[in-house]
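Chemist: Before I ask anything, here is the structure I am working with.
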Amino acid sequence: MSSRRRWNFTGSLSEMPLFGNKFSPKKTPPRKSASLSNLHSLDRSTREVELGLDYGAPTLNLAGQSLKFENGQWIAESGTCGGVDRREAQRLRKRNKQLEEENNLLRVKVEILLDMLAETTAESHLMEKELDELKSISQRRK
């Protein structure tokens, strides 16, 4: 008896192959063609003309308000957006941004002025202390 034996599914002892009978699945049958039409062979522009695939920008109608998606933002197609003209809303956004930048600049200036005030106050206290010491020294000499 060989040392390479195994039990098969029928319950009998059989030889175990060393280098052979590797797992080989059945070959899959060739796929059927997905479509018999020749639309896939047309170029993009021809397909758009033939099939009307030029969708344009996405639009949304919400509560009677028509919105269009342009440049990563939803923009009202009609002239007003919640009672405010679109151009007016854009102008207000721009003005708001300017005011926020001005506010940040003023905050920085106030911070700088407070630092300067603290430094000047500290110097003033040091000078007063020095002056008091000089006065006490001059009084001792008298």
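Chemist: In this structure, does A76 turn out to be within 34 Å of the chain's Cα centre (by Cα) and closer than 30 Å to S45 by Cα?
Modeler: On the way: within 34 Å of the chain's Cα centre (by Cα): yes; closer than 30 Å to S45 by Cα: yes.
So A76 fits the description; yes.
Chemist: Is it the case that R95 is on the phi < 0 side of the Ramachandran plot, loosely packed, with under 10 Cβ neighbours inside 10 Å and either of a type outside the set (S, T, Y) or assigned to a helix (DSSP H, G or I) (or both)?
Modeler: The answer is no for R95.
Here, each number is a calculation from the coordinates, and none is a lab measurement. No experiment lies behind these values; they were computed from the predicted model shown. Reconstructed Cβ throughout: ideal geometry from the backbone, glycine too, with neighbour counts over all protein chains shown.
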